[in-house]
Amino acid sequence: MLLLHSCVSYSTGLKIPRKQFPEYKACGQELLIADPPSEHEVARLDNLNDMGYSATYHRIIFSSDSLEKEEIRRFTSRLSNYIVKEMFPEVKKIPEDKFTTMSYYDYYLATKTLYPSYRDHKLSTRAIENLLVPSSYRKQLFMDLSTYIHNGDEFSNYLHLYVFDTKKKSILYYDFLKYTCDIRDSTAFSVVMNYALKKLKMSPLKN
């Protein structure tokens, strides 16, 4: 209740009206995944052994009701957990408590030096330290999902997928995808997640 009250007060103070989420619209056959050139990727994985999965942190950049956004974030988190488990049965889930209580602003501060915001992925050590969840695994899978809504009903979704070396605090794998579709379309979201995770699964074979 405190969070909701502060959001309402903030919006009222700035005179920014809260918007309604667009009416749900499935993508159908119109889903297009944009996969940027490989020079932006990091592929330094020899194998996928000894890896845990922490979270898919989802930011929804749209001045709507916070409770509705939180509902969608819980949905994408649960679906991500399921898809990762299906694709990588051997990868164990690491508790994501630190992310469920992390605000967008705190997340921004924690990740502002994270590649590709910082162009050199070797300079992301501090941001990686901020994102790592303590565990016994040498590798940690983490995903960053951002959703923007433009012109009332146009969704743009950006998925950044990382595998961190938990000892060296470095990036072993990075990939980026974009797709334009209602984020609430679970079929489209599953297709994109499976596409991204299949690329990760194939990565050690290419090195």
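For the condition among the acidic types (Asp, Glu) and under 24 Å from residue 198 (Cβ atoms), residue 90 qualifies. As a summary of the residue check, residue 109 satisfies the conditions (1) farther than 28 Å from residue 22 by Cβ; (2) out of contact with any Ser or Thr (no Cβ under 7 Å at 6 or more places or on another chain); (3) aliphatic (A, V, I, L, M); (4) in contact (Cβ under 8 Å) with a residue 40 or more places away in the chain except for the one numbered (4). Over 24 Å from residue 86 (Cα atoms) and small (Gly, Ala, Ser) - does that describe any residue in region 168-186? Yes: region 168-186 contains one or more residues that are over 24 Å from residue 86 (Cα atoms) and small (Gly, Ala, Ser).
Note on region 49-72: residues that are under 18 Å from residue 84 (Cα atoms) and either part of a strand (DSSP E or B) or in contact with a Phe, Trp or Tyr (Cβ under 7 Å, 6 or more places away or on another chain) (or both) total 9.
Yes/no per residue for (1) within 14 Å of residue 44 (Cα to Cα); (2) exposed (fewer than 15 other Cβ atoms within 10 Å of the Cβ); (3) among the small types (Gly, Ala, Ser):
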residue	(1), (2), (3)
130	no, no, no
139	yes, no, no
149	no, no, no
167	no, yes, no
174	yes, no, no
184	no, no, no
192	no, no, no
199	yes, no, no
204	yes, no, no
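Taking the listed residues 163, 191, the one that is closer than 23 Å to residue 72 by Cβ and at pLDDT 95 or above is 191, with no other qualifying.
Has region 126-134 got at least one residue that is touching a Leu at 6+ places or on another chain (Cβ under 6 Å), in contact (Cβ under 8 Å) with a residue 12 or more places away in the chain and part of a helix (DSSP H, G or I)? Yes, region 126-134 contains a residue that is touching a Leu at 6+ places or on another chain (Cβ under 6 Å), in contact (Cβ under 8 Å) with a residue 12 or more places away in the chain and part of a helix (DSSP H, G or I). Being of a type in the set (Gly, Ala, Ser) and farther than 16 Å from residue 173 by Cβ is the requirement here; does residue 54 meet it? When the stated conditions are applied, residue 54 does not pass them. Only one entry in 205, 141, 200 is assigned to a strand (DSSP E or B) and among the aliphatic types (A, V, I, L, M), namely 141. Hey, does region 154-162 have a residue that's touching a strand residue (DSSP E or B) at 6+ places or on another chain (Cβ under 6 Å) and part of a helix (DSSP H, G or I)? Within region 154-162, none of the residues are touching a strand residue (DSSP E or B) at 6+ places or on another chain (Cβ under 6 Å) and part of a helix (DSSP H, G or I). The set of residues in region 42-58 that are in contact with a Ser or Thr (Cβ under 9 Å, 6 or more places away or on another chain) and surrounded by fewer than 16 Cβ atoms within 10 Å (Cβ to Cβ) comprises 44, 50. Every test in (1) under 23 Å from residue 149 (Cβ atoms); (2) touching a strand residue (DSSP E or B) at 6+ places or on another chain (Cβ under 6 Å) is passed by residue 55 save one, and that test is (2). A search for C-beta distances below 7 Å between a residue of region 38-51 that is farther than 12 Å from residue 141 by Cα and any residue that is of a type in the set (Lys, Arg), counting only pairs 6+ apart in sequence or on different chains, returns 43/206.
Evaluating residue 113 against the criteria (1) more than 22 Å from residue 177 (Cα to Cα); (2) assigned to a loop (DSSP other than H, G, I, E, B) leaves one unmet condition, (1).
The values are calculated or read from the model by the stated rules, or taken from the named source; none is laboratory data. Every value quoted in this text rests on a predicted model; they were computed, and no experiment measured them. Cβ sites come from the backbone with ideal geometry, for glycine too, and all protein chains shown count toward neighbours.
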